[in-house]
1. What's the number of the only condition in (1) closer than 11 Å to Ala74 by Cβ; (2) surrounded by fewer than 20 Cβ atoms within 10 Å (Cβ to Cβ); (3) in contact with a strand residue (DSSP E or B) (Cβ under 6 Å, 6 or more places away or on another chain) that Ser91 fails to meet?
2. Give the number of residues within the stretch 120-159 that are over 16 Å from Ala101 (Cβ atoms) and either buried (at least 16 other Cβ atoms within 10 Å of the Cβ) or aromatic (Phe, Trp, Tyr) (or both).
3. Need the failing condition index for Thr82 against (1) buried (at least 18 other Cβ atoms within 10 Å of the Cβ); (2) at pLDDT 90 or above, just the number.
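The values are calculated or read from the model by the stated rules, or taken from the named source; none is laboratory data. Being a predicted model, the structure only gives us computed values, none of them experimental. Backbone-built Cβ (ideal geometry, glycine too); neighbour counts: all protein chains shown.
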Amino acid sequence: MTRHLSIAVLLALAAALVCSLAALAAQASELRALKCSTGTEYRAEVTRMIVTDQEYLRRLEAQTRPVAMVTVTAYNADPAQTDSDPDIAASMRHVRPGTIAVSRDLFDKGWVFGRKVRIEGIGIFEINDLMAARHDNSVDIFIGSNQQCLAFGKRHIRAALLNI
């Protein structure tokens, strides 16, 4: 009886091995087909799949708009304009040119540390800091000198949260 059981187990294992090899061969042929297709064909197929995916479109519509009219000002690492450690941002990284601070209402809407923001007519910046709680719908660009900050002034500009 045990001999018949051992033979049955060996046959089952052999069948499983054959099935696994067949599945691997099928996957290999699919990979070869993908390698042979051009990048534009692949991108076109992916685009078609995304556009026809209704759930994906519903999620896109449900997202908050990533474009807003904001008040844009400038700041520097002056202790009068910051907390007790002016060289460290709220993200716990050093403040530097090319970064911005955002108001807490924008932060709550997904404008979080590390995300990129395009400010119309000015450029693309990385969110690195938070503004004081008294500010709403505002962005503060880090600029090195106090004179440049004063020259920048206060502007109302469109800003867009980027997905890069």
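1. Single failed check for Ser91: (1).
2. Residues that pass the stated criteria total 0.
3. Thr82 satisfies every listed condition except (2).
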